[in-house]
Amino acid sequence: MTLEFLVASAIAMLVAGGIYLALRGRTFQVVLGLTLLSYAINLFLFAIGRLVVDRPPLWSADVTEHADPLPQALVLTAIVITFGMTALTIILSLRSYLESGSDQVDGDRDDAA
Amino acid sequence: MTLSDHLPVAPVIVPAIVAPVTMLLMRRHRDIGRLLSLGGCAALLAAAIALFGVTQDDAIRSYALGAWPAPFGIVLVLDRLSATMLLAAATLAAVVLLHAIVTGADRKGWHFHALFHFQLLGINGAFLTGDLFNLFVFFEVLLIASYGLMLHGQGALRLKAGVAYVVVNIVGSALFLVALGLLYGLTATLNMADLAVRVATLGEEDQGLLRIAGLLLTAVFALKAAAVPLHLWLPRTYAATMPVVAALFAIMTKVGVYALIRTVPLIFGATAGAAAWVPAPWLLPSAILGAVVGFVGVLVARGMREQAAFAILASTGTLLMPVSMWREAALAAALYYMVQAIVAGAALFLVADATMRRRGQYADALVPSPRFAGQDAAGLSYLVAAIGTVGLPPLAGFVGKLSILDASFAGPGWPAIWSTILGTTLIGVVGFSRSGSSLFWKTAAPDAEAVAVVPRSRADFIAPALLLLLLGALSVCAGWAEAQTRATAAQVMAPERYVAAVLGTAR
């Protein structure tokens, strides 16, 4: 199995799980789903610089083959933003649960469940 | 470089400084903080007017941050389109902030002013940036600030709607990153001008991925613009939030439309091969549905804020119809309509705010109530705001819709556009007359409780009146405004000038 296949299927599984959880009705699952989704996106962004092993991202005269440094910078920004957003969602769903007494995303309490 | 050469960065710098300083000041010196916040807005307005004046010579200016040249460094690009949007944002922000201070809405939490300026930072940055990744970052800045503003004043309902709003936007940001990743993987650049050049040289085998990237990008911007079917978050969010905040949000959906107008002719324009005008076939049906859903929502809404939210949805739909044709004349009409729709949508929210403050326990419900203090002034401003929103003569909405009809007549989809605009306008008229008459004309049932609210000063009518006056001015100066938007559309539809200005090849 190639490295590309492994990374691609890892991303695919994360996305599938993330979407499934994000579509659930309770806030906790939704937050988990968003986290999975953001992991998938970060991996994807890493992979867009092409998958290469043992190559430095920094320029130097004696290095001929580089890894693309820009995706790493993009991922860093994306991680910071999604990290903050996840924290915000958790706090928000907690406050929403405490104030409205239900952790349903769509408001009405689901008594059958 | 003289100081005026640095002016394009002012709309980003000013709120970036004002926001943290007001946050510090609000702890001890509330009035000074409030004054500084207003001063920041005034400075922003002055900068926007100056920038608007600068762009009148029809040149596109690129401002390299840290003097790093374009494809490597980050650039801000100032052209007619960004200057117009900056001016609209700064004007709206000044009026909305005035209203928030007059009505005391900013006193319901500690960080209103700081969040307000961070929101402006994001909006202005999104209008100015010439780099797709920075567009993402500025979108995040404006979204994070909007989460704070949306929840300002608390309440269980607001928190519930807030969770949905935040989750939807996080998913949107994730899609945005995927689109950026695809584009970067294909072209190894994220600078918009550089992208425009490299997309044109892509090989046959990459066209499929390019189409996917283009459609993903369109989907993200459509989500921000609340285009149908990605609109479901909007009515609930805007109806649950404070009207002052919702009035500022009237420009947020238009940021999505702006991003579409900015990126599609530039990156996915005529030279993009198989991906040329890739969103066009999807945008028109979505726009038609948007106008219908919006105006039907106006008809069936149960509260003034909900109605105003649906009116914003309707204006986005009407606006996307000419945009989806991607022709110069239609785009010019769309830009005029966009500016007036921002003002009219915000005015509707502010009028709703002034009215519901006077109606006590009846709040913004569209039911007859006993007579309340200031009913005539409220009714009159509601009438004017409704006329502006629906697009009846003599206000700017009518001029905008007329020029949209006129400009779309030459295009292939004109029967659909004509029937939608004319039909939805009728629905809108019925909707607003129904709600207006039950709010201000019908007398309440004899056993209804009297309105339990102390008469307040009329100062909270100042801001809505300012917006309505602005709407009037836009109609009076329609000729000048149309000349402006026509020049803007010509600039947008000539992407090679943008590329030359940013990359510095053959000015």
- Model label zone, B:Ala450; criterion: amide N under 16 Å from point 7 Å along Cα-to-beta-carbon; scope segment B:358-376: B:359-362, B:369-375
- Over chain B, what percent of the accessible surface lies on carbon and sulfur atoms, probe 1.4 Å? 70
- Setting aside same-chain residues fewer than 8 positions from B:Lys108, which lysines have a Cα under 25 Å from its Cα? B:Lys160
- Here segment B:394-405 yields Karplus 3J(HN,Hα) values (6.51, -1.76, 1.60; θ = phi - 60°; whole Hz; Gly and Pro given as x) of x, 7, 4, x, 5, 4, x, 5, 4, 6, 5, 4
- Item | Computed [θ] at 222 nm, deg cm²/dmol, chain B (DSSP H ≥ 4; -39,500 (n - 2.57); rounded to nearest 500) | -24500 deg cm²/dmol
- Spelling it out for A:His66: with amide H atoms placed in the peptide plane at 1.01 Å from N, the residues 5 or more places away or on another chain with amide H under 5 Å from its amide H are none
- Yeah, segment B:34-74 with a ≥ b ≥ c from its alpha-carbon gyration tensor (a/c under 1.5 is rounded, else prolate when a/b outruns b/c, oblate otherwise) is oblate
- Task: Using a 1.4 Å probe on the heavy atoms of the protein chains only, list every residue of segment A:48-80 that has 50 Å² or more less accessible area in the complete assembly than in its chain alone.
- Result: A:Ile48, A:Leu74
- Calculated [θ] (222 nm, deg cm²/dmol) that DSSP helices of n ≥ 4 give over chain A, each run adding -39,500 (n - 2.57): -22500 deg cm²/dmol
- Message: Defining a contact as two alpha carbons under 8 Å apart and six or more residues distant in sequence, what relative contact order in percent does chain B show?
- Response: 15
- Tell me the trypsin sites (Lys or Arg not before Pro) within segment B:405-476 that lie in a loop according to DSSP and have at most 13 other beta-carbon atoms within 10 Å. B:Lys442, B:Arg456
- When the Karplus curve 6.51 cos²θ - 1.76 cosθ + 1.60 is applied with θ = phi - 60°, which whole-Hz ³J(HN,Hα) does each residue of segment B:27-39 get, with x for Gly and Pro? 4, 10, 10, 4, 5, 5, x, 5, 5, 4, 4, 5, x
- Task: Provide the net charge surrounding B:Val54, with neighbours chosen by a C-beta distance below 15 Å and charges set as Lys +1, Arg +1, Asp -1, Glu -1.
- Result: -2
- Message: At a cut-off of 10 Å², which residues of segment A:30-47 become less accessible once all protein chains are present than in their chain alone, using a 1.4 Å probe?
- Response: A:Val30, A:Leu34, A:Leu37, A:Ile41, A:Phe44, A:Leu45
- Any idea how far the Cα center of segment B:108-136 sits from the one of segment A:27-84, in Å? 25
- What aspartates and glutamates sit close enough to B:Lys224 to cross-link, taking a C-alpha to C-alpha distance under 14 Å and skipping anything fewer than 8 places away on the same chain? B:Glu140
- Query: Over segment B:43-192, what is the relative contact order in whole percent, taking alpha-carbon pairs under 8 Å and six or more residues apart?
  - Reply: 21
- Item | Listing of segment B:156-177 residues, each with accessible area lower by at least 30 Å² in the full protein assembly than in the chain alone (probe 1.4 Å) | B:Ala156, B:Leu159, B:Lys160, B:Val163, B:Val166, B:Val167, B:Ile170, B:Val171, B:Ala174, B:Leu177
- Using a 1.4 Å probe on protein heavy atoms only, how many Å² of accessible area do A and B hide from each other, summed over both chains and rounded to 100? 2500
- Message: Loop-only chymotrypsin sites (Phe, Trp or Tyr not before Pro) in segment B:23-91, please: DSSP not H, G, I, E or B, and at most 12 other Cβ atoms within 10 Å.
- Response: B:Phe72
- Query: How far is helix B:80-103 tilted, in degrees, relative to the longest principal axis of the Cα atoms in chain B, given as a value from 0 to 90 rounded to the nearest 10?
  - Reply: 20
- Note on the structure: With all protein chains present, chain A has a carbon and sulfur share of its accessible area (1.4 Å probe) in percent of 68
- Task: Provide the FRET efficiency to the nearest 0.05 for the B:Ile462-B:Ala494 pair, computing r from the beta carbons and using R0 = 56 Å.
- Result: 0.85
- What residue among A:Ser100, A:Ser38, A:Ser60 has the largest mean-square fluctuation in a Gaussian network model of chain A, using Cα springs under 10 Å? A:Ser60
- Query: Once a ≥ b ≥ c are taken as the square roots of the eigenvalues of the Cα gyration tensor of segment B:305-388, is the result rounded (a/c under 1.5), prolate (a/b larger than b/c) or oblate (a/b not larger than b/c)?
  - Reply: prolate
- For the Cα atoms of chain B, what angle does the longest principal axis make with the long axis of helix B:252-267, in degrees from 0 to 90, nearest 10? 20
- Item | Coil-residue GluC sites (Glu not before Pro) of segment B:425-507, DSSP, other Cβ within 10 Å capped at 16 | B:Glu449
- Proximal aspartates and glutamates relative to B:Lys401, as straight alpha-carbon distance under 19 Å, when same-chain residues fewer than 8 apart are discounted: B:Glu328, B:Glu482
- At what distance in angstrom do the alpha carbon centres of segment B:160-180 and segment A:88-105 lie from each other? 17
- Message: If I take every Cα pair under 8 Å that is 6 or more residues apart in segment B:29-111, average their sequence separation and divide by the length, what percent do I get for the relative contact order?
- Response: 32
- One finds the C-alpha centres of segment B:383-462 and segment B:341-380 to be spaced, in Å, by 14
- Item | Chain lengthening between A:Met1 and A:Gln72 when straightened (0.36 nm per residue, less Cα-Cα) | 23.1 nm
- Item | Local net charge near A:Val63, Cβ-Cβ under 13 Å (Lys/Arg +1, Asp/Glu -1) | -2
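The values are calculated or read from the model by the stated rules, or taken from the named source; none is laboratory data. The model shown is predicted, which means the values in this text are computed figures rather than measured ones. Please note: Cβ atoms are built from the backbone with ideal geometry, for glycine as well, and neighbour counts cover all protein chains shown. Heavy atoms of the whole protein, side chains included, go into the accessibility calculation; ligands, DNA and RNA do not. Shrake-Rupley method; radii C 1.70, N 1.55, O 1.52, S 1.80 Å.
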